[in-house]
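First the structure, in the form of structure tokens, and then the observations on it.
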Amino acid sequence: MIKKQREKSNRLQTHQAGMRRVPKSHPKYPMIEKEHGRLHYGHKGEVAMDYFLTFLPDDKYLILNSLRLEDPKGRYFQMDTVLISQTHCIIIDSKYINGILEFDEQANQLLRHLPDNGGIEKLSDPISQMARQRHQLALRLEKHNFPPIPIASLIALTHSSATLIKTTPSIRKKVTFHTNLPNRIKEINDIHTTEHLSMKELLKLSKVMIKKHTPDKFNLLAYYKIPPDELILGVICTSCTCAPMQKKRSTWYCLKCGACSKVTHLEALLDHKLLIGDTVTNKEIRCFLQLPTPTATSKYLASLNLRFEGDFKGRRYFL
Ligand SMILES: [Zn+2]
């Protein structure tokens, strides 16, 4: 049973907004585009696992997706999926990497053999990462006084063109293809027969973990050192990516391609929230959406029914 749905990380959402708002000609655009690609495909890999997790018995596991917790030493760890049951927990990490992959357990590294004798690329080691996460989750459970429970982990290769070479029985225990997840999970389930948590404790554990989930934060403009005044302003047309669209009554019109919409301005508000901040004054939103006058902006803000604080010019609206 899914207790927490999968969500896009703030880092991914912020990069999506960055791709819309940073001009393509900007010197930082290629870096944003590259990182966006990495995050986008990472998320795609996680989503690819979800179908195979639907084959798990509904009454056995509670499924928590995209869970980011703090351990008692103040270090955050992000788990793509955690399965919890009365007998054990399983952390699953998706790796969306294509090519010929070799897990080198002696040297603790993941190697990717590049095609046409292009050499070998060294990637960070997911096996040690999973060992850290099991340790951090155990610490977190201990902090909430849950009885110790076995924690297993699996690395799921989610790219359809990934090939695994030089596997050993030890690697096959730790790494699998996402298509094989139900079988591997059943094998893990079969060896854990002792109940460590009552049903009541299990539900409490799921509740506590959801409550303690802390979404990541990412300040794209600070990270790439982009001043806010270099962003594209106005509501961006989703048909031709031209900005600003013009507002007439409650509809936004594109002067270039003629497209019209009543909702595209919501994406602009989301962009402001992700890139600049989640509160605005009349002046700030007027400038960001390129609205003509303070009065038109006041009317627009009133139509959104936003929560606000303060009076007159200093009034801040919560996006
Ligand atoms: Zn257009």
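The values are calculated or read from the model by the stated rules, or taken from the named source; none is laboratory data. In this text the structure is predicted, and so the values were computed from the model without any measurement. Positions of Cβ are generated from backbone atoms using ideal geometry, with glycine treated the same way; all protein chains shown enter the neighbour counts. We work out accessible area using only protein heavy atoms, side chains counted, and drop any ligands, DNA or RNA first. Shrake-Rupley method; radii C 1.70, N 1.55, O 1.52, S 1.80 Å.
Data for the structure
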| quantity | calculated |
| --- | --- |
| Tabulated pairs, the stretch 220-248, first in contact (Cβ under 8 Å) with a residue 40 or more places away in the chain and of a type in the set (D, E, K, R), second open to solvent by 20 Å² or more (accessible area, probe 1.4 Å) and within 12 Å of the ligand (Cβ to nearest atom), C-beta under 8 angstrom, 6+ apart or interchain | 247/253 |
| Matching residues, the stretch 161-173, being without any contact (Cβ under 8 Å) to a residue 40 or more places away in the chain and basic (Lys, Arg) | 172, 173 |
| Residue within the stretch 70-77 that is open to solvent by less than 30 Å² (accessible area, probe 1.4 Å) and over 24 Å from residue 277 (Cα atoms) present | yes |
| Test: residue 191 is in contact with a strand residue (DSSP E or B) (Cβ under 7 Å, 6 or more places away or on another chain) and either on the phi > 0 side of the Ramachandran plot or in the same structural domain as residue 43 (by TED's automatic domain parsing) (or both) | no |
| From the options 270, 291, 274, 301, residue that is surrounded by 13 or more Cβ atoms within 10 Å (Cβ to Cβ) and part of a loop (DSSP other than H, G, I, E, B) | 291 |
| Some residue of the stretch 174-187 being touching a residue at least 12 places away in the same chain (Cβ under 8 Å) and part of a loop (DSSP other than H, G, I, E, B) | no |
| Identity of the residue in the stretch 232-263, under 27 Å from the mean Cα position of the chain (by Cα), surrounded by 12 or more Cβ atoms within 10 Å (Cβ to Cβ) and under 24 Å from residue 294 (Cα atoms), that ends up farthest from the ligand (Cβ to nearest atom) | 233 |
| In the stretch 143-185, the residues that are open to solvent by 70 Å² or more (accessible area, probe 1.4 Å) and among the hydroxyl-bearing types (Ser, Thr, Tyr) | 160, 179 |
| So residue 226, is it surrounded by 14 or more Cβ atoms within 10 Å (Cβ to Cβ), among the β-branched types (Val, Ile, Thr) and within 16 Å of the ligand (Cβ to nearest atom) | no |
| Yes/no for residue 19 being among the hydrophobic types (A, V, I, L, M, F, W, C), at negative phi and open to solvent by 10 Å² or more (accessible area, probe 1.4 Å) | yes |
| Residues that are among the aliphatic types (A, V, I, L, M) and touching a residue at least 24 places away in the same chain (Cβ under 8 Å), drawn from the stretch 81-109 | 82, 83, 84, 90, 91, 92, 97, 100, 101 |
| Residue match in the stretch 27-43 (condition: part of a loop (DSSP other than H, G, I, E, B) and modelled with pLDDT of 95 or more) | yes |
